[in-house]
Amino acid sequence: MNDVVKKDLTEAREVCPTTSQRLLKEGALLVDVREPEEVAQVGFAGCDVMTIPLSQFEDRWQEVPRDRDVILACAVGARSLKATYFLMYQGYTQVANMQDGMTRWAAKGFPVIGSAEAAVSSAAASSCCGGTAEAASAETSCCGGGAASAGAGCGCEGAPAAGDAARASGGACC
């Protein structure tokens, strides 16, 4: 008989860099799970940042506070999504993954420490919007062309809306 306890988790909350920026200004903590050599090249700036590389996360996850909103980020959002689910499994409820991570953060022109050039070129190549929301039409953009308006959020926070094929397939939204 298998003694493994199965724990049902809800889908992880995902937020784009624009929404992340707003939440960070409101007091959320950003947990960067990239490795030290990545952080040395380009780091998040202008917000409260804690760095716990994913390679050390299993040993250090308890350093993440439970009493405040936490946004996890990496280079493109895959490793931080793993860390988000790990924290959810540990009972954390105020956690979210930053979609597209540092690459999209830097492409949006949000504050960084170091050289963001490599991150921006990577984002342009992998984004459904070709690097900027303005580059796509409303039909081809996963944000419907709406993310480009000044000060507006892209509406990508949370799980993909029903019928939103671009976001549901993992496209970058803002």
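Every read-out reported here was derived from the displayed coordinates using simple, explicitly stated rules and does not represent laboratory data. Just so you know, these numbers come straight off a predicted model, no measurement behind them. Because the Cβ atoms are built from the backbone with ideal geometry, glycine has one as well, and the counts that use them run over all protein chains shown.
Residue 33 sits among other residues whose Cβ lies under 11 Å from its own Cβ, and their net charge, with Lys and Arg +1 and Asp and Glu -1, is +1.
For the stretch 14-129, rounded, prolate or oblate, judged on the Cα gyration tensor with a ≥ b ≥ c (square roots of eigenvalues), a/c < 1.5 rounded, else prolate if a/b > b/c? Could you put the intermediate results ahead of the total?
Values: a/c = 1.65, a/b = 1.47, b/c = 1.12.
Prolate shape, in that a/c is at least 1.5 and a/b is the bigger ratio.
In this structure, residue 113 and residue 9 have a Cβ-Cβ separation that, at R0 = 22 Å, corresponds to a calculated FRET efficiency of about 0.10.
A dipole drawn for the stretch 14-129 from +1 and -1 charges on Cβ atoms has a positive end, and of 54, 72, 107 the residue lying farthest that way is 107. For residue 72, the residues whose amide H sits under 5 Å from its own are 31, 96, 97, 98, ignoring neighbours fewer than 5 places away on the same chain, with H placed 1.01 Å from N.
Given Cβ point charges of +1 (Lys, Arg) and -1 (Asp, Glu) and nothing else, what value in debye, to the nearest 20, does the dipole of the stretch 28-119 about its Cα centre take?
Details: 8 positive and 12 negative charges, 50 e Å.
Result for the stretch 28-119 is approximately 240 debye, rounded to the nearest 20.
Other residues lying with their Cβ under 12 Å from the Cβ of residue 52 contribute a combined charge of -2, Lys and Arg counting +1, Asp and Glu -1. Here the simple spin-label model places points 7 Å from the Cα toward Cβ, and for residue 56 and residue 93 these points are separated by 3.0 nm. Using C-alpha pairs below 8 Å separated by at least 6 residues, the relative contact order for the stretch 12-102 is 38 percent. Working from label points 7 Å from Cα in the Cα-to-Cβ sense, the residue 25 to residue 63 distance is 2.9 nm.
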